[in-house]
1. Peptides B:104-112, B:15-23: what's the order by average Cβ count within 10 Å, highest mean first?
2. Can you give the average number of partner chain beta-carbon atoms within 10 Å of each beta-carbon in peptide A:26-37, as a whole number?
3. Counting other Cβ atoms within 10 Å, keep those with at most 16, restrict to DSSP loop, and tell me which chymotrypsin sites (Phe, Trp or Tyr not before Pro) in chain A are left.
4. Could you give me the ³J(HN,Hα) list for region B:327-337, computed from phi with Karplus coefficients 6.51, -1.76, 1.60 and θ = phi - 60°, whole Hz, x at Gly and Pro?
5. Could you tell me the distance between the Cα centroids of region B:207-285 and region B:380-434, to the nearest Å?
6. Output the peptides B:369-377, A:15-23 sorted from most to least packed, where packing is the average of other Cβ atoms within 10 Å over each peptide's residues.
7. If you keep only loop residues by DSSP, which GluC sites (Glu not before Pro) in region B:35-104 have at most 14 other Cβ atoms within 10 Å of their Cβ?
8. Scan region B:256-310 for GluC sites (Glu not before Pro) in coil per DSSP, keeping those whose Cβ has at most 15 other Cβ atoms within 10 Å, and list them by number.
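Only the coordinates and a few stated rules stand behind these numbers; no lab work does. From a predicted model like this one, the values you see are computed outputs, not experimental measurements. Neighbour counts run over all protein chains shown; Cβ positions are idealised from the backbone, glycine included.
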Amino acid sequence: MTDPKVIRAYKDEYYPPVPTAATKRMRTNIFIQLYKFLMLNYKIMRIVVKGHS
Amino acid sequence: MKVLVLGAGISGHTAASFLKKKLGKRHEVIVVSPSQYYQWVPSNIWVGVGRMKPEQIRFKLQKVYKRWGIIFKQAKAVSIHPEGDDSISSGYVTVEYTSEEKAGITEKVEYDYLVNATGPRLNFDATEGLGPGKNTLSVCSFSHATEAWEALRASIEKMEKGEKQRFLIGTGSPTSTCQGAAFEYALNISFELKRRKLDHLAEITWISNEYELGDFGMGGAFVKRGGYVTPTKIFTESIFAENNINWIKRAGVYKVEPGLAHYETLAGEYKTAGFDFAMLIPAFSGHDIKAYDKKGEDITSVVFAPNKFMKVDADYTQKPFEEWSVDDWPQTYQSPAYTNMYATGIAFAPPHSISKPMKSPNGTAIFPAPPRTGMPSGVIGKIVALNIAHQIKHGKIEHKHTANMGRMGAACIVSAGYSMTKGLGATMTVSPVVPDWDKYPQWGRDIKGTVGEIGLSGHWIKLFLHYMFLHKAKGYPFWWLLPE
Ligand SMILES: Cc1cc2nc3c(=O)[nH]c(=O)nc-3n(C[C@H](O)[C@H](O)[C@H](O)COP(=O)(O)OP(=O)(O)OC[C@H]3O[C@@H](n4cnc5c(N)ncnc54)[C@H](O)[C@@H]3O)c2cc1C
C-alpha cells in the first residue's frame, strides 16, 4: 500500500522562507565559516564584556 | 567567616570558586550539593543523541574542591534557619547527606553568609504521566539524557527495519521554560536521522506553550538578516520547515498517557498528539526547602515565593504586562528578609515572566516561564561572590557589583547537529535579556547587539565553549580569566 499523497500547501510549514542550496553550502563552507567563527566570537565577547561591567 | 553555598551548578560553582579565590585561607567556603558531580548541563543535548558520554560532560567535585580548599558536603539542603535557634546563635542550614556512606544523616551547617544556588526542581509531577519512568523522556540531566539516548537508539533500530516513528519534542506543561534546550534536541534528532538516511521514516513534531515560535520564554527577539529586521519567529519556523519538523504552538500539555499527549490550546480546545518517542521539558519550581525563625516558626513564605524560588531584591508587585519595567528585575540578589542571604541563577524568584502572560478561555495560563540561561546564571554567581567577599574584607554592606537582566546581554548557541565538518549551530545573542521598552521602544532590545546566524561556525563555538567552561570549572590554569 502506498502512503497517501501529502500536499504541504496551506499548512503552517508551507509558508516560512527556506534556504536555497547556495545558502546551505555557505553554512558548511570552511572558509566562510572560519571567518564567521571569528566574527561571532567577537560579537559574543562584546556582549560578555558588557555583562561583566 | 563562613560562606555557605547551596548547589554546585553553573551559578553555585562559579560563586564558590570566586569566593575562595577572593577570601583565601582565612575564611571558610562550604559547598553543599546532592550530586558528587559537576555537570556542564548544555552538553546534555549531545548525550541525548549519543554524541557524548556522560563522563565527557561531568567531573567529581571533591577533587577540585580539595585542591581549592573548599569544604564539600554531598548533601541536600532541607531547611534554612537564618536566625539560628536556642542553641546556635548564627544562621544555619539543615542538610541531609546523599552520599552512599552517609545517606540520610543530617547536620546543621552554620554560616555567616548564605548563597542559595539550588537551580530548578524538575517538577514532572505537575503534569500527569510526564517524565522518565512514566511516559516521556528528558534531557535536563546527564542521567535523563542517557536514558533519552537509549530510547532514541531503540527508535532508530525500528526505523532501520522500515518502521515509521513519531517524535514529539517540546514543553510538557502549560508554563514550562527552557524551550531552547528542547529546540536543540529536536534539531539534533533531525540531524542524526538525516545522517543515517532515516529521515523519510520520521515525523518530528514540536509542541510548545509559546505564543509564537522563537519566543523562547523571552518574548522572542529580532535579528538583522538578509536586509531585514526579522523576528525569531521566522528564524525558527524556517529552520523547522527546512528540517521537516511540524509544530503545534500555544499548547499546554496537561496529561501524558503511553504514546499520547493531551493538551489544551490557548483557544481553549482540548486536543491530543500521538508519539512513539517524546521528550518534553517539565515545569520548573524551586526546591522544597523550608525556612524557620529563631523560635522555630515557619517563615518559608517570607523567604520564598509561592513557586519556591527565593525572594530577592526584585519588585514583586503584581502589575499588567504594559507596566513591566527592567527595574522590576533584581540587581544584587540579596534577600529582603535577611541581608546575609542571596539567591543566584535559577534559584532566585523572578518578578514576573518575560513573555506576555496568556490565558485560555478556560482560565489556564499557557505561556513560558522566564528562562535564566547559563551566562546570566554564571554572571550572577560571580557578582554575588565578589560582593560578599568585599563585605567580609571591608566589613561594610555595599554592593559594588550588580547584574540586572534588563541591562545585561546573553549569548546562546543552539546546537543543530554534531559534526566537525557538517555540523550546525545557531548563534544567538540578545542585549538586554529582558526587553527594555523605554530604552528601545521599537524592538525592546539593542538591534546592533542581537545576532542570529546558523552555520558550522556555531557548532565549533558550542564545542569550544564546552571545553572552555569545563576547563574553567575544573580550575585549570588561568580559569578566572575565562568569562562566565
Ligand atoms: C538540556 C539543557 C540545555 C541547556 N543549554 C543551554 C545553553 O546552550 N546555553 C545556556 O546558556 N543555557 C543552557 N541551559 C540552561 C542552563 O543549563 C542553566 O541556566 C543553568 O544550569 C542554571 O544554573 P544554576 O546553577 O542556577 O542551576 P543548576 O545548574 O541546575 O544547578 C543547581 C545545583 O543545585 C543543586 N541542588 C539541587 N537541590 C539542592 C538542595 N536541596 N541543596 C543543595 N543543592 C541542591 C543541584 O544538584 C545542582 O548542582 C540548558 C539547560 C538544559 C536543561
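1. On the way: B:104-112: 14.8, B:15-23: 23.3.
Put in order of decreasing packing, that is B:15-23, B:104-112.
2. Numbers: counts 2, 11, 10, 2, 3, 0, 3, 7, 3, 1, 9, 9.
Counting other chains' Cβ atoms within 10 Å and averaging over A:26-37 gives 5.
3. Details: sites: A:Tyr10, A:Tyr14, A:Phe31, A:Tyr35, A:Phe37, A:Tyr42; in loops: A:Tyr10.
Answer in residue order: A:Tyr10.
4. Along region B:327-337, the couplings run 6, 5, 7, x, 10, 10, 6, 8, 5, x, 7 Hz.
5. With region B:207-285 and region B:380-434 each reduced to a Cα centre, they are spaced 26 Å.
6. Working: B:369-377: 23.6, A:15-23: 12.8.
Per-residue mean Cβ counts within 10 Å order the peptides as B:369-377, A:15-23.
7. Details: sites: B:Glu55, B:Glu83, B:Glu96, B:Glu100, B:Glu101; in loops: B:Glu83.
Answer by residue number: there is no such site.
8. Numbers: sites: B:Glu264, B:Glu269, B:Glu297; in loops: B:Glu269, B:Glu297.
When the GluC sites (Glu not before Pro) of region B:256-310 are filtered for loop state and at most 15 Cβ neighbours within 10 Å, B:Glu269, B:Glu297 remain.
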